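Taken together, the values in this text are just the output of simple stated rules run on the coordinates, not laboratory data. The model shown is predicted, which means the values in this text are computed figures rather than measured ones. Heads up, the Cβs are rebuilt from the backbone with ideal geometry, glycines too, and the neighbour counts pull from every protein chain shown.
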Amino acid sequence: MPAYYVYEDSELLDFMKSGNEAAFDEIYRRHWHSLYHSAYYLLQDEAPAMDIVQDVFVWFWENRDHLVLTTLRGYLLMAVRYKVANYFRRQKVRAAFAAASILLAREEGSHEQALELKELKAVIASFTAELPDRCREVFQLSRQEHLSNREIARQLGISEKTVENQLTIALKKLRVRLGSMSLLM
């Protein structure tokens, strides 16, 4: 068994592309620490930083056949930065949804607002029922069960990217539906 620590990143990448797990382990060992520090610096939170680095390496291994890159370290660092940006975007959407839910709950006090809320819930239920099966399932797990994209992906056995795509489709359709309703009111 060769000592992989003597190889350059480009050589390790070639070995890894042919399915060599030991070469991947060396890439992981060599770059994990700096990727984690990059993610932690941006997030200031250990658990999501570790999750993001793990996600990058899992994706990196699963897509090794399709990789075309010139600098391994730069590629991995950029992948971490994109994952962090996606994390912040998801957190912002969840915070907005939670704030809207709290606002709607507070507004249930008045009769008129209660009727509007009931109507909105009915529209969302009707909308949800019209979604394709997978999209509906992802939407319900996200918005009713309050599961993260990662949890939904694990539960359904699909990729996080698929979860993100299905939620994007559902939310765009919901915005259109709600927009057309406001025109009717």
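Projecting the Cα positions of 18, 84, 69 onto the charge dipole of the chain (unit charges on Cβ atoms of Lys, Arg, Asp and Glu, taken about the Cα centre) puts 84 furthest along the positive direction. Each listed q (0.08, 0.11 Å⁻¹) maps to a log10 I(q)/I(0) for the chain from the Debye sum over equal C-alpha point scatterers, namely -0.39, -0.64. Between helix 21-43 and the chain there is an angle of about 50 degrees, using the helix long axis and the longest principal axis of the Cα atoms. Relative to the longest principal axis of the Cα atoms of the chain, the long axis of helix 111-130 makes an angle of roughly 50 degrees.
Note on the range 1-94: the C-alpha convex hull projects to 6.3 nm² when averaged across all orientations.
When the C-alpha to C-alpha distance is required to be over 19 Å, the pairs from 83/172; 121/172; 83/161; 121/173 that qualify are 83/172. The protection proxy used here, the mean number of other Cβ atoms lying within 10 Å of each residue, ranks peptides 88-95, 165-172 as follows, highest first: 165-172, 88-95.
In the chain, the DSSP-assigned H stretches of four residues or longer account for a calculated mean residue ellipticity at 222 nm of -27500 deg cm²/dmol, using -39500 (n - 2.57) per stretch and the full residue count as denominator.
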